[in-house]
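Quick notes on the structure that follows.
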Amino acid sequence: MIIAEQKPLDEILEMISGVERLLVLGCRGCVAVCSAGGDKEVGALASALRLGRKKAGKPIEIDEETYVRQCDPEYLEPLEEDGKRYDAVLSMACGVGVNFIADRCPGINVLPALNTTFYGANLSSGEWAEMCAGCGACVLHLTGGLCPVARCAKSLSNGPCGGSVGGRCEINKDVPCIWHQICEKLTSRKQHQLLREIVPIRDWRPSGHGGPRRRIREDLLP
Amino acid sequence: MISGSNLEQVLISGEFAVTGELGPPQNGNFDVVRDKARILRGHVDAVNITDCQTAIVRMSSLAAGLIVLAEGVEPVMQMTCRDRNRIGIQSDILGASALGIKNLLCLTGDHQKFGNHPQAKGVFDMDSIQLLDMVKAMRDDKKFQCGDEIKSHEPRFFLGAAANPFADPFKYRPIRVAKKVKAGASFIQTQIIYNVEKFARFMEIVRDLGLNEKVYILAGVTPPKSVGMARYMKKFVPGLDVTDEVIERLKGAKDPKEEGISICVDIIKQVREIPGVAGVHIMAIEWEQAVPEIVSLAGLSPRPMPKTFEPRLRSSEAIDLIVSKAMKDAKAEAEKALEQAKAEAQASRDLVLKEKGKISSEVSNLKRRVEEAKAIAVRKESEIGRLTRELAKNRAGQGHVRTVRRSASGDAGKTLSSHDSSALISLRSGLEALRKGLGINEDQLEALKRLFEAESLLSSGADERVTAPFDRSPAPGERLEKPEAESRHREVVSLAAKGNVLLHKNDAAGAIDAFERALAIEPEDKKAREGLKKAKEAFEIAEPSEEAAGPVVPEGIPPCPEGLSPEDWQRKWVIRLVATGNVHLHKGEVDKALNAFKLALELQPDDKRAKTGLLKADSGEAAPVPAPAEPEVPERAEVPSAPGPEIAKVPEGVKTEAKKGPPVTVAPTVTEGISVPELPKETRTLFERADSIQENLFTESCTGAIREVCLGEGEKAVTLGGASTLPFHIFEGDMPRAPQVAFGILDSEPEDWPDVLSRYYSDVFSDPVAWARKCIDHYGAKAICLSLVSTDPNGMNRPSSEAAGKARSVIEGIDVPLILWGCGNAEKDTETLREVTGLVGNRKVCMGPLSDANYRSLGATAMAFHLPVVASSPIDVNLAKQLNILLENLGLSLDQILMDPSIGAIGYGIEYSYSVMERIRLAALTQQDEKLQVPFICNLGREVWKTKECRLPSDAHMGDQERRGVLMEAITASTLLLAGGELMVMTHPKAIALTEALIKGMV
Amino acid sequence: MSRLKNNSCQVGKIVVFCCNYTTSVSTDTLREAGLIPENLDVKKLPCTGRIEVSALLDAFEQGAEAVFVAGCRSDECHNLSGSRRAEKRVGYTKRLLEELDIDPDRVEMFFVHRGETQPIVDAVREMTTRIAKLGQLHSI
């Protein structure tokens, strides 16, 4: 899922400084699951913002709402009209939601409440880790299912660098060296031949360096 | 051989290689890199230049590598994937290759997190293995990473990579080395080794994989500086295995630095024993000083000398270094020579003193003997007296007295004659002794002829000796007989002696003279005759060689050097011979002059100048012949005087003159105050002024010569060019023709001339003929340049026919050469100038400017009437040359062309003109670029007088307007003269007077 | 679809969230004991583990000068880790207050032995002292 986290309050307060009527709009998609933009977070953020504005002597009217998803047009439909009652809509969805609102509801001043961080998994309650970089050219079949693009600090293609010590990455002892894990996994699966082959230089176009990406599935087009 | 780098050569040779490491500074300090390179030079085979190691911003490895290369140390450029994508990397690789870097170490690079810009976006477009693969493909397949072909000059690098035997997973490490080798690595440098045992295990696997056969492995070592450093490395540097033993050794050491070096040396010795290790990589970053010691202690010095080593770029300091070294060497050599000469001089001085002593003792001995002879003579006289008296007594006495008298007179006669002859013998032997003395001294002269001091001592000594015996010991008999003959003889001997001395001074001519004078007094004097014979022989030997060294060649000319056509060579020699003849004529050496002119005419029978010279020489137009024995006093400065003070003085005159000038409102003819005092000439030769620095150190002879172009016709014709040396370098070549100044006039009233200029001509503005005449009659113009500005289509746009008419009247109204200068519009100029030639036929007027736009039409006209032309090109050597070539192709002779390189006034781009002119002249003279061996014409007056500085009125800040303008024009002219300009077209009479005075003072 | 919340508040100077199990004392009991100040609002929860950050912020929004949670001692929680969760939420709220430039001491977590009143009284005193020290949060 997409992992996000709330921006610092002062940054949000700064961006709504001229706003008197605000809608804090949550999303029950990824951000709700990673506890960044679901109903609970909407309530807490709205409260905090009211408190902050009150303390600053500039009370604000805030409504709270959470949509099923902000990245599908049908869920955004009501916002086109309802949103007009507010000076701004503070979206607690990932960046996709904010963009989609901006695209779909041109009359609405949409603001981001979250920093969208990565594609990750929930390691345990309250802990998420990056697992994929969305590079558009998956090599996981060659690396024992472990992604060197997302999980190696240098996105290396050809094995661990000289900084790999005791299975940890050179940049931080808390970061596992994914190439160490790939080596062990491929060796245990008797796939170590894969380690001897030179993986050619990557084409980074599918990862976004070729411009914004778009996917089309013909059979589903209206 | 892949790249031919020194490192590659050493490794291939099987020598145990040593590489070092150099961390560029975190600033732009050139010296830091250079100094580090100098520390490492000679102690390592190559030096790694790190690429922002530990992700800290530093001077780029490429730039630092070039500095190192310029210092004579071979760099191994490191290249990481952290900071550049494939576009940047390939671009840098091409640059590095172009600049002579031959080794490349391909690394992934430390993560930016470690550095001082952790916020940076790490590029990591590829990893080190892919980098190797890419650079190898660039080299071997001549392909960029994208597959495009590298059409030529593909980068050829000796490729290396890093390996860390201490990183995990351990078993994977040799596999990674194999991958790097497969990708293109020819050598591997390892991480710092402290755990030799682990490294040995690593090498074992490497050998098992057969990698030691495919790649040179250089073991990385670092001398630990302190326990702290060792602990830090152990704890914080990922993948660095510092053993406890190392830490213990450092802990126990008195001098941790020394112990660090010792640890490092021990490790080198240990790893050297491991099979497959081809060298060491000593990383002593910020402790480069330790490297020489480590290399030496490890028994790895001296390093093999790099075979081929030529950095593409040299630092200016490196050049300075070479130059200063060469200068030092030259100086030392010169000093050595000087010392030797001094010693020789001292020795000869001693010898001379010794000889002098010897001679003086001989002289005194002789004196004594002469005294004895005198005493004998006196006694004899008294005896004669006594005998005479006795005889008289006897005559007066008896008859037997007759016999007595007879016998007595017989006795007396005998005695007298014996006494006389003994006196003469003594005298002769005295002379003999003197001659011997002289002989000895002549030998010395022979040996010391080049030493001036010794020479002068000797000549004075010789004179003394020649005259001394006659003054001090007159032969009594002679004195009684003929005092006149005595003085004559004295004169003869003296002259003969002088002749001998001169002969030994190699002055054969002087010697001949002396001997001849001696013979004139005493035709039978043997010594003088012998001397004369010898002197003549010597003269015959000496003269030809002297002539060959000098400019005149009596028999033919030297063989034509390569690169010159025989015609040119001959032409050049004619110019030279004529010049030489003129010089001789000037000096009064009529014969030599005649000789030179005759030779010139032999080579070129219709050379006018040679003919004129011959006529002059024949008619005896020469200075009185100086006495041959006298040293030649140079009659003209060989080098222009330093113009500083003189120039500075002249404007003072101008200033006062300007003050005296007429009020602004009136415009009378201004003729007074124009003349400029003559510049003092430097009479000493450059050699003298150069403080006896050898001449070949400051002279540089040219192989080319500038063609001569003749303007005008008849008596007043002006010939330009002919120089075979750089402008005014008359100490090293000929500059037979002084540059000339032409007065620039217009065919209509100037619209924008400032009053300070126009006041001189305002009375004649309306009539170009009168204007030209005024220039000639009042200001002494030797040439006129008439600008047909009125025809300018962007200006007055007068019809060509009108301008042509005016031009014609000017042509007909003056006798000095005329240059017709069009308005600069190619089309209109063609029309106008053609019209002029139609009117005046083949009067030798010079036409210009011919540009690439109208050279065809005007060139054809010039060719038809054989007129000289001005070829104008826009401040560019190649364009100037091209235009000359085009004109020549058209059929014009280069003898008809004056080049106008396009000039600017001082402050208005003159430096460009200067530079281009200088380059043209150098090409013409030193590279024999025939197409550029043409005189320059510089139309500068119009440029100067349109500048702002010449138009601003007089004020306290800018000073007097006229003086300002005059100096602007004169200084512009002097600059262009120094650049090689032969003909200056100028406007202000004062500026022209100044310029002419300068020219006169310089040639 | 939405309701605009009323910003005007009925002032309760200190808001206490306490576990239903922890204490059975009511506000009145405490007030009678003369130990508790006038403006005390005691809110009972089935378990402090249920407390949400938004509720704590809401209390401030409603005019509280200080807010605290009185939960069971960690080894006594009926729901095992309820009071520890509450402690983390209080911690998070402290962080938010800090971001809003409000002293985090205005919110606190207290662990109270079941059935005891005194620790709650002590907590109220503590928070009262803090308020006195920190001054008025709400100018109204």
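The values are calculated or read from the model by the stated rules, or taken from the named source; none is laboratory data. This structure is a prediction, so every number in the text was calculated from the model and none was measured. Neighbour counts are summed over all protein chains in view; Cβ atoms, including those assigned to glycine, are modelled from backbone coordinates with ideal geometry.
Filter the stretch B:224-266 down to residues that are part of a loop (DSSP other than H, G, I, E, B) and away from chain A (no Cβ under 14 Å) and give me whichever is nearest to B:LYS198 (Cα to Cα).
Of everything passing the filter in the stretch B:224-266, B:THR243 is nearest to B:LYS198 (Cα to Cα).
Report whether or not B:VAL123 is under 44 Å from the mean Cα position of the chain (by Cα), touching a residue at least 12 places away in the same chain (Cβ under 8 Å) and in a loop (DSSP other than H, G, I, E, B).
Answer is no for this residue.
Within the stretch B:891-913, count every residue that is closer than 13 Å to B:VAL869 by Cα, part of a helix (DSSP H, G or I) and aliphatic (A, V, I, L, M).
Residues in the stretch B:891-913 being closer than 13 Å to B:VAL869 by Cα, part of a helix (DSSP H, G or I) and aliphatic (A, V, I, L, M): 1 in total.
Which of the residues that make up the stretch A:168-179 are at the interface with another protein chain (Cβ under 9 Å from one of its Cβ atoms), farther than 22 Å from B:HIS117 by Cα and either buried (at least 22 other Cβ atoms within 10 Å of the Cβ) or out of contact with any strand residue (DSSP E or B) (no Cβ under 9 Å at 6 or more places or on another chain) (or both)?
Hits for the stretch A:168-179 are A:CYS177, A:TRP179.
From (1) touching a Cys at 6+ places or on another chain (Cβ under 8 Å); (2) assigned to a strand (DSSP E or B), pick out the condition that doesn't hold for B:ILE89.
Unmet condition: (2).
Looking at the stretch C:127-140 only, could you name the residues that are more than 14 Å from chain A (Cβ to nearest Cβ) and without any contact (Cβ under 8 Å) to a residue 24 or more places away in the chain?
C:THR129, C:ALA132, C:LYS133
Please give the strands (runs of 3 or more DSSP E) falling wholly within the stretch A:57-144 in which 3 or more residues are within 14 Å of chain C (Cβ to nearest Cβ) and not hydroxyl-bearing (Ser, Thr, Tyr).
A:61-67
Using the structure shown, decide if B:GLY109 is surrounded by 24 or more Cβ atoms within 10 Å (Cβ to Cβ), assigned to a loop (DSSP other than H, G, I, E, B), within 14 Å of chain A (Cβ to nearest Cβ) and without any contact (Cβ under 8 Å) to a residue 60 or more places away in the chain.
Taking the combined requirement at face value, the residue satisfies it.
Please enumerate the residues belonging to the stretch A:13-36 that are within 10 Å of another protein chain (Cβ to nearest Cβ) and either surrounded by fewer than 24 Cβ atoms within 10 Å (Cβ to Cβ) or farther than 18 Å from A:TYR86 by Cβ (or both).
Selection gives A:LEU13, A:ARG21.
Return the only residue of B:ASP127, B:ASP140, B:ASP148 being within 12 Å of chain A (Cβ to nearest Cβ) and among the acidic types (Asp, Glu).
Answer to the check: B:ASP127.
Does at least one position in the stretch B:165-178 carry a residue that is part of a helix (DSSP H, G or I), buried (at least 22 other Cβ atoms within 10 Å of the Cβ) and more than 10 Å from chain A (Cβ to nearest Cβ)?
Yes, the stretch B:165-178 contains at least one residue that is part of a helix (DSSP H, G or I), buried (at least 22 other Cβ atoms within 10 Å of the Cβ) and more than 10 Å from chain A (Cβ to nearest Cβ).
Considering only residues that are polar (S, T, N, Q) and farther than 30 Å from B:MET1 by Cβ, look in the stretch B:191-249 and name the one that is surrounded by the most Cβ atoms within 10 Å (Cβ to Cβ).
B:THR222
Has the stretch C:89-96 got any residue that is small (Gly, Ala, Ser), modelled with pLDDT of 90 or more and closer than 21 Å to A:PRO8 by Cα?
Scanning the stretch C:89-96, I find at least one residue that is small (Gly, Ala, Ser), modelled with pLDDT of 90 or more and closer than 21 Å to A:PRO8 by Cα, so the answer is yes.
Per-residue answers, yes or no, for (1) farther than 30 Å from A:LEU76 by Cβ; (2) of a type in the set (A, V, I, L, M, F, W, C); (3) modelled with pLDDT under 95:
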{"residue": "A:ASN99", "(1), (2), (3)": "no, no, no"}
{"residue": "A:THR116", "(1), (2), (3)": "no, no, no"}
{"residue": "A:GLY145", "(1), (2), (3)": "yes, no, no"}
{"residue": "A:PRO148", "(1), (2), (3)": "yes, no, no"}
{"residue": "A:ARG151", "(1), (2), (3)": "yes, no, no"}
{"residue": "A:HIS192", "(1), (2), (3)": "yes, no, yes"}
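Go through (1) within 16 Å of B:SER3 (Cα to Cα); (2) surrounded by fewer than 20 Cβ atoms within 10 Å (Cβ to Cβ); (3) not small (Gly, Ala, Ser) one by one and return the number of the condition B:PHE187 breaks.
For B:PHE187, the exception is condition (2).
Checking the conditions here, which among A:GLY208, A:GLY162 is within 25 Å of B:GLY109 (Cα to Cα), at pLDDT below 95 and away from chain B (no Cβ under 13 Å)?
A:GLY208
How about the stretch A:1-12: which of its residues are of a type outside the set (S, T, N, Q) and within 13 Å of chain C (Cβ to nearest Cβ)?
A:GLU5, A:LYS7, A:PRO8, A:LEU9, A:ASP10, A:GLU11, A:ILE12
Name the residue that is surrounded by the fewest Cβ atoms within 10 Å (Cβ to Cβ), counting only residues in the stretch C:50-61 that are at the interface with chain A (Cβ under 10 Å from one of its Cβ atoms) and not small (Gly, Ala, Ser).
Once the filter is applied, the top-ranked residue is C:GLU52.
Mind counting the residues in the stretch B:686-714 that are outside any helix (DSSP H, G or I), under 17 Å from the mean Cα position of the chain (by Cα), in contact (Cβ under 8 Å) with a residue 12 or more places away in the chain and surrounded by 14 or more Cβ atoms within 10 Å (Cβ to Cβ)?
Here the count works out to 4.
Of all the residues that make up the stretch A:37-56, how many are more than 8 Å from chain C (Cβ to nearest Cβ) and among the charged types (D, E, K, R)?
Adding up the residues that qualify gives 3.
Name, by its number, the condition in (1) under 30 Å from C:ALA59 (Cβ atoms); (2) in contact with a strand residue (DSSP E or B) (Cβ under 8 Å, 6 or more places away or on another chain) that does not hold for A:LEU51.
Unmet for A:LEU51, out of (1) under 30 Å from C:ALA59 (Cβ atoms); (2) in contact with a strand residue (DSSP E or B) (Cβ under 8 Å, 6 or more places away or on another chain): (2).
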